[in-house]
Amino acid sequence: MQQDKSVTINDVQAAQKRLLGIAHLTPVLTSTTVNERIHSQVFFKCENFQRTGAFKFRGAYNALAQLSEAQKHQGVLTFSSGNHAQAIALAGKLLNIPATIVMPDDAPAVKQTATRGYGAEIILYNRHTTNREELAQNLASDRNLTLIPPYDHPLIIAGQGTAALELIQEVGELDLLLVPCGGGGLISGCAIAAKALSPNCRVIGVEPELADDATRSFHSKTLQTVTNSNTIADGARTPYLGKITFPLVLNYVDDMVTVSESAIITTMLFIWERLKIVVEPTGVLAAAALLAGVAKAPGAKIGVIISGGNVDLGDWGLGIGDWGLGTGDWGLGTGEGVMGKG
Ligand SMILES: *Cc1c(COP(=O)(O)O)cnc(C)c1O
């Protein structure tokens, strides 16, 4: 392995200290059904329980906490299809830093609403006609804001790596770690942590077939792109790996694989039913590779990063309004429902 010093295990460990008492220590779940089906021991690191509903809070807080006082005062700007936006918005609120978010106008409503709810200013754009990075750069320089990109930033990568660091600290060394991949911030940080704490652990990144740029980049060793992917896994629609994440992925990741849209949906429903947790399509990419048999490791001890849970049920025709399910409609007055005291 060539050495790439842009982010090291020391940076991930420093991020963990910074996040202590601020980010949630997310639960690790297991499922007998899954273990029997896969013939392995599987540990799901559930970042859908992270603050803002995805691992992105880790990197966002780690980056914002280290700005200068002048930068904090001026404020930050980012571009994101959702989870990074919410993460920056909340980190900004906690650190008293004004946040401006450039977001595609088709980003899930639940993510737009949550981002506004944390007090950030949102600027919408059409992702089919506008280059978001140019737009963000122009706005940042016009308004004198610090641009915090969603993945191609050493402090973001180090923060994301704390998810794998925590997992391995809790369950011990792993044989295999499966990680969803969009722009590669999560997998870069997680691979750096895994190789340091569990040197024999293979790290495999998982993308949607419909947004397979990182998989093609990994295998061809030249940067490949995907344009305007419509994969249901909206957190992995990123067009390419970053200038920092691409070399890190080449150095630290052992393989990259893809999963179909139907595998993503089937896995999401399987996890809702079996693990009893709400996960979003991008959140189940790594689990889908395992359950669909794309990544196999019989007898192995496997870590799976469940990266987020911000699913917009309205997109599935399952909005609360669509069912007419106001709280009263279920007749769930005190005591009557499953949550009742009796
Ligand atoms: C952002 C995101 C990803 C991809 O992370 P990258 O750092 O861009 O590779 C995966 N899952 C969820 C839920 C996300 O929000």
(request) Determine if region 115-133 includes at least one residue that is in a helix (DSSP H, G or I), within 16 Å of the ligand (Cβ to nearest atom), at pLDDT below 95 and over 28 Å from Thr215 (Cα atoms). (result) yes
(message) Tally up the residues in region 215-255 that are of a type in the set (A, V, I, L, M), buried (at least 22 other Cβ atoms within 10 Å of the Cβ) and more than 18 Å from Gly161 (Cβ to Cβ), please.
(response) 2
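Test Ser229 against the stated conditions and say whether it is over 26 Å from Asp312 (Cβ atoms) and either of a type in the set (Ser, Thr, Tyr) or more than 15 Å from the ligand (Cβ to nearest atom) (or both).
No.
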(request) Count, please, the residues in region 269-306 that happen to be within 16 Å of Glu47 (Cα to Cα) and not aliphatic (A, V, I, L, M). (result) 7
(request) Kindly check whether there is at least one residue in region 230-248 that is part of a helix (DSSP H, G or I), modelled with pLDDT under 95 and aliphatic (A, V, I, L, M). (result) yes
(request) Out of the residues in region 30-49 that are surrounded by fewer than 15 Cβ atoms within 10 Å (Cβ to Cβ) and of a type in the set (Ser, Thr, Tyr), state the one that is nearest to the ligand (Cβ to nearest atom). (result) Thr30
(message) near the ligand (Cβ under 10 Å from one of its atoms) and aliphatic (A, V, I, L, M): which single residue out of Ala63, Ala91, Ala87, Ala99 fits that description?
(response) Ala87
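Residue-by-condition table, conditions (1) within 12 Å of the ligand (Cβ to nearest atom); (2) on the phi > 0 side of the Ramachandran plot; (3) at pLDDT 95 or above:
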{"site": "Leu135", "(1), (2), (3)": "no, no, no"}
{"site": "Leu155", "(1), (2), (3)": "no, no, yes"}
{"site": "Gln160", "(1), (2), (3)": "yes, no, yes"}
{"site": "Glu173", "(1), (2), (3)": "no, no, yes"}
{"site": "Gly189", "(1), (2), (3)": "yes, no, yes"}
{"site": "Ser198", "(1), (2), (3)": "no, no, yes"}
{"site": "Pro208", "(1), (2), (3)": "yes, no, yes"}
{"site": "Ser217", "(1), (2), (3)": "no, no, yes"}
(message) Criterion first (hydrophobic (A, V, I, L, M, F, W, C), crowded, with 24+ Cβ neighbours inside 10 Å and in contact with a strand residue (DSSP E or B) (Cβ under 8 Å, 6 or more places away or on another chain)) does Ile192 satisfy it?
(response) no
(message) Out of everything in region 281-309 that is within 10 Å of the chain's Cα centre (by Cα) and in a loop (DSSP other than H, G, I, E, B), what residue ends up being nearest to the ligand (Cβ to nearest atom)?
(response) Ser307
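The values are calculated or read from the model by the stated rules, or taken from the named source; none is laboratory data. Only a predicted model underlies this, so the values are computations on that prediction, with no experimental measurement involved. Cβ coordinates were reconstructed from backbone atoms using ideal geometry, including for glycine residues, and neighbour counts include every protein chain displayed.
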